[in-house]
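Asker: Structure provided below as structure tokens; questions to follow.
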Amino acid sequence: MSAGTQVHANLTEEQVREISGDLDEPDWLLETRLEALGALEELDMPDVIRTPGRDWTNLHDLDFESLVDPLNAAEDKDQIGPDEAEVLAWSDAVAEHEDLLKEHFGSIVDPQENYLTALSTALFSTGTVIYVPEGVDAEDVTVRTEQNSRSLFNYTLVVTEESSSVTILERQSTGAEQDEQYYSGVVEVAAGENSYVQYGSLQNLSEEAYNFTVKRGVADTYATIDWIEGNLGTQLTKTEVSTTLSGDSSETQIVGAFYGHNDQHFDLDAKVWHRAEHTTADLVTRGVTDDVARSVYEGVQDVGADAWDTSSYQRENTLMLSDESEADASPKLIINNHDTEASHSATVGQIDAEDLFYMTSRGVDPRAARNMLVEGFFVPVLEEIDVDELREDLEELIGARLRQRD
């Protein structure tokens, strides 16, 4: 690990104990935090795509010593849900559902998987637990987080029991802006038998911020986990969204949209692990890069040896609005079972000159024509979003960014 990433030199056991104590956590949670803190020195950054002589995303040069201030976390958070489901702040969940937390915390995202997951485990001071009992249909669960401090570490746990369902909309934004900020979010979703989870996330943090998030779910028999991931903010985002289809006939869809401009950098992973029979996955991502922005996309469909009768599809398309922007994609199929129907594709290109000429030749202003084509480019992704509020917010933010370009 390079010296530029050794934030652990500034962290102490006393700080971690203070965070845990303020949340009135049990000893086993404190011990998990302290073990993550102790592991920092031996852990490296999350994996990134590498080619000879180059990392597609450089995480080692981040100045964590100036970004991370563990005892000065400040936020405005709304956690709203129907009465039939429990939508709890982390401290309330610790008091009311310790057994649930002990069963699921760290069971999907290993706290010591890499440097940034361990850092988040040791330091998170805010979070949400969403628990949906058997047979309950929970609509309109909303979690809004406005960051008002230099660093903020957030944890979310979703547990759905048999034959239940939940639709979640999560937002991250910036309130009191600092020169630079760091946001870290870990999400674990445990979808019980025949349950349904749709988790929509819209990240619109300050363009001075750095963002690391990992969202992972495990789907039981006949369960479905659908992810919607929108990224517009930050100067650097490193994020992963993935589902393990561990139960027969389980399903997942991962829908992503991003729009990078100025010198933004997005490193986006979408992954599915087929580990049971009759499983289905659909990965769809569309994004735009402009100015000198850069996007890096990695999509993985991994079909295990026991995953008979698998259907798995992946499509990623990036539209570059300037010659100076960059976009790279690395879609991957890993198939260990011949009873599989799968495909993957990735394209990078610019606005079609013929389409633009057709519209301008019929009296459409060139800037309006370009904006219409970009908005139309996102339609296949927007059509996959069932949450009206999230779809409308994305459309509005994309339109505002296009108008700003004018």
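Asker: Considering the dipole of the chain built from charges on the beta carbon (Lys and Arg +1, Asp and Glu -1) around the Cα centre, which of Gln178, Ala191, Leu11 is farthest to its positive end?
Answerer: Going by the charge dipole, the pick is Gln178.
Asker: Right, here's the next one. Of Gly299, Thr347, Thr117, which is farthest towards the positive pole of the chain's charge dipole, taken about the Cα centre with +1 and -1 on the beta-carbons of Lys, Arg and Asp, Glu respectively?
Answerer: Thr347
Asker: Could I ask something else about it? Quick check: convex hull of the Cα atoms in region 13-351, volume per residue, rounded to a whole Å³?
Answerer: Hull volume normalised by residue count: 132 Å³.
Asker: Can you give the accessible area per residue of the chain, in Å², using a 1.4 Å probe?
Answerer: Result: 40 Å² per residue.
Asker: So, one more: Tally up the carbon and sulfur contribution to the accessible surface of the chain as a whole percent, 1.4 Å probe, everything protein left in place.
Answerer: 42
Asker: Given H placed on each backbone N at 1.01 Å, which residues far from Tyr182 in sequence or on other chains put an amide H within less than 5 Å of it?
Answerer: So Tyr182 has HN proximity to Ser151, Leu152, Tyr210.
Asker: Name the residues of region 257-295 whose amide N is less than 18 Å from a point 7 angstrom out from the Cα of Leu333 along the C-beta direction?
Answerer: Residues passing the 18 Å test: 270-275, 278-285.
Asker: If you don't mind, there's one more thing I want to ask. Ordered by residue, what ³J(HN,Hα) values in Hz, to whole numbers, does region 284-293 give under the Karplus form 6.51 cos²θ - 1.76 cosθ + 1.60, where θ = phi - 60° and Gly and Pro are x?
Answerer: Going residue by residue, I get 10, 9, 9, x, 10, 10, 9, 6, 10, 5 Hz, with x marking Gly and Pro.
Asker: Further question on the same structure: I'd like the Karplus ³J(HN,Hα) series for region 158-175: coefficients 6.51, -1.76, 1.60, θ = phi - 60°, whole numbers in Hz, and an x wherever there's a Gly or Pro.
Answerer: Once rounded to whole Hz, the list reads 10, 10, 10, 7, 4, 6, 10, 8, 8, 10, 10, 10, 10, 10, 10, 9, 10, x.
Asker: State to the nearest 20 debye the size of the charge dipole of the chain about its Cα centre, where the only charges are +1 on K and R beta carbons and -1 on D and E beta carbons.
Answerer: It comes to approximately 1400 debye.
Asker: Oh, and also: Quick check on packing: order 211-221, 34-44 by the mean number of other C-beta atoms within 10 Å, highest mean leading.
Answerer: 211-221, 34-44
Asker: Around Ser322, which amide H atoms from residues at least 5 apart in sequence, or from another chain, sit under 5 Å from its own amide H, with H modelled in the peptide plane?
Answerer: For Ser322, whose amide H was placed from the backbone, the distant partners under 5 Å are Asp291.
Asker: Another question, then. So for the chain, taking the charge dipole from beta-carbon charges (+1 Lys/Arg, -1 Asp/Glu), which of Leu321, Ile168, Gly287 sits furthest toward the positive end?
Answerer: Leu321
Asker: Right, next: Each residue of region 255-262 in turn: what ³J(HN,Hα) in whole Hz from Karplus with 6.51, -1.76, 1.60 and θ = phi - 60°, glycine and Pro shown as x?
Answerer: Going residue by residue, I get 10, x, 9, 8, 9, x, 9, 6 Hz, with x marking Gly and Pro.
Asker: Obtain the radius of gyration and the Kirkwood radius of region 83-142 from its C-alpha atoms and give Rg over Rh. List each step's numbers first, then the result.
Answerer: Working: Rg = 13.3 Å, Rh = 13.0 Å.
Rg/Rh for region 83-142 comes to 1.02.
Asker: So how do 343-351, 163-171 stack up, highest first, on mean other-Cβ count within 10 Å?
Answerer: On the way: 343-351: 14.0, 163-171: 21.8.
Descending packing order for the listed peptides: 163-171, 343-351.
Asker: In addition: Between the DSSP loop rule and a limit of at most 16 other Cβ atoms within 10 Å, which trypsin sites (Lys or Arg not before Pro) in region 323-406 are left?
Answerer: Passing sites in region 323-406 are Arg362.
Asker: Around Gly260, which amide H atoms from residues at least 5 apart in sequence, or from another chain, sit under 5 Å from its own amide H, with H modelled in the peptide plane?
Answerer: HN-HN under 5 Å from Gly260: Val288, Thr289, Asp290.
The values are calculated or read from the model by the stated rules, or taken from the named source; none is laboratory data. Given the structure is predicted, the values throughout are model-derived calculations rather than measurements. Cβ atoms come from the backbone with ideal geometry, glycine included; neighbour counts cover every protein chain shown. The accessibility values were calculated without ligands, DNA or RNA, using every heavy atom of the protein model including side chains. Shrake-Rupley method; radii C 1.70, N 1.55, O 1.52, S 1.80 Å.
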